[in-house]
Amino acid sequence: MPNRALISDLDLARRLERTDAWVGLQSAQLSCALYPESGATTIPVPGGYAVFRGIGSPLTQVVGLGMSGPVTAADMEQMEGFFHNRGARAQIELCPLADRSVFRLLAARSYVPLDCSNMLVQRVRPEARTASAPALPPVHRCPPEEAELWARTLMQGFTSEQSLPEDNIALLTSLFALPHTHCFLSTLEEKPVGAGALSISQGVAALYGATTLRGYRRRGVQLAIIKALVNCTIDLGCDLAYSLTQPGSVSQRNLEREGFNVAYTRFTMIREVRKP
């Protein structure tokens with residue numbers, strides 16, 4: 001039976017955005033439990049959540065706004081107050097399929113685009129499971145005793161720094177305690193060279209990380225991790241998998257090689273902190 005093409009409609013976007021909002025919610029709840037002094041917290045917004053993980057954190061943002069229907073000026077005031085009261089700017093990850101009321105409110109309230117990312121999605125099919133390619137680096141699912149090694153590898157892949165904030169390492173390590181999160185490590189020459197992870201919610205897998213240490217890039221590390229993550233989604237019975245990338249990036253090309261397609265482009269909209 002031929003595979004039905006995915007249609008980038010509102011139903012698909014709602015599932016993807018709902019899962020991405022849930023990932024942010026889980027992250028904030030974990031941070032709050034481990035570091036109450038961090039002030040990490042969330043509030044619901046129409047269609048998703050506003051998440052505060054600290055000033056300057058890339059996870060301090062709104063995901064899913066307008067995905068459940070119209071948004072009012074009062075909703076916006078509450079959301080903006082949530083951030084402003086914590087000294088942070090309001091930052092919204094805007095899905096282009098959000099209710100049109102969101103666009104009118106953003107224009108009226110002087111939001112501007114800061115960045116964009118592509119939402120790549122794949123329908124998960126059991127017959128698409130791939131064996132490990134001999135030419136690619138080996139990848140394995142990390143047991144709990146490799147939690148810190150995985151966390152340090154992931155952080156170094158993104159920052160290329162050898163000295164890493166210990167609180168960030170501790171937070172990443174704690175992901176191993178979440179039953180719906182699975183972490184993977186790639187090795188070359190008996191050294192960790194790349195890391196990735198996925199989280200599962202209601203049959204949708206969010207793939208993230210998939211980073212490679214500098215000095216080991218262009219050797220198939222990220223592609224091998226993506227293959228392992230996709231195989232894991234099959235094993236866990238998911239029917240959808242997605243990942244967010246910068247448009248035109250190496251990550252996007254590798255995901256497309258594995259059968260992912262761009263569903264839509266999401267824009268990061270910001271409104272600066274009001275001056276007293």
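Tabulated data for the structure shown
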{"quantity": "Helical mean residue ellipticity (222 nm; -39500 (n - 2.57) per DSSP H run of 4+; nearest 500) of the chain", "calculated": "-10500 deg cm²/dmol"}
{"quantity": "Amide H within-cut-off set for Cys95, under 5 Å, with H built and near neighbours excluded", "calculated": "Gly64"}
{"quantity": "Residue among Tyr264, Tyr208, Tyr35 with the largest mean-square fluctuation in a Gaussian network model of the chain, springs linking Cα atoms under 10 Å", "calculated": "Tyr35"}
{"quantity": "Kirkwood estimate for region 1-148, i.e. one over the average of 1/r between Cα atoms, Å", "calculated": "17.8"}
{"quantity": "Karplus-derived 3J(HN,Hα), 6.51/-1.76/1.60, for each residue of region 42-56, Hz, glycine and proline x", "calculated": "9, 9, x, 10, x, x, x, 9, 9, 10, 10, 10, x, 5, x"}
{"quantity": "Within a Gaussian network of the chain (alpha carbon springs, distance under 10 Å), most fluctuating of Ala98, Ala135, Ala13", "calculated": "Ala135"}
{"quantity": "Span from the region 94-115 Cα centroid across to the region 179-242 one, whole angstrom", "calculated": "32"}
{"quantity": "Karplus-derived 3J(HN,Hα), 6.51/-1.76/1.60, for each residue of region 62-74, Hz, glycine and proline x", "calculated": "10, 10, x, 4, x, 7, 9, x, x, 10, 9, 4, 5"}
{"quantity": "Under the Karplus curve 6.51 cos²θ - 1.76 cosθ + 1.60, θ = phi - 60°, whole-Hz ³J(HN,Hα) for region 231-236, x wherever Gly or Pro sits", "calculated": "4, 5, 5, 5, 4, 8"}
{"quantity": "Normalised alpha carbon radius of gyration of the chain [divisor 2.2 N^0.38 Å]", "calculated": "1.01"}
{"quantity": "Volume of the Cα convex hull of region 125-238, divided per residue and given in Å³", "calculated": "99"}
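Laboratory data are not the source of any read-out in this text; all were calculated from the coordinates shown. What you are looking at is a predicted structure, and each value in this text was computed from that prediction instead of being measured.
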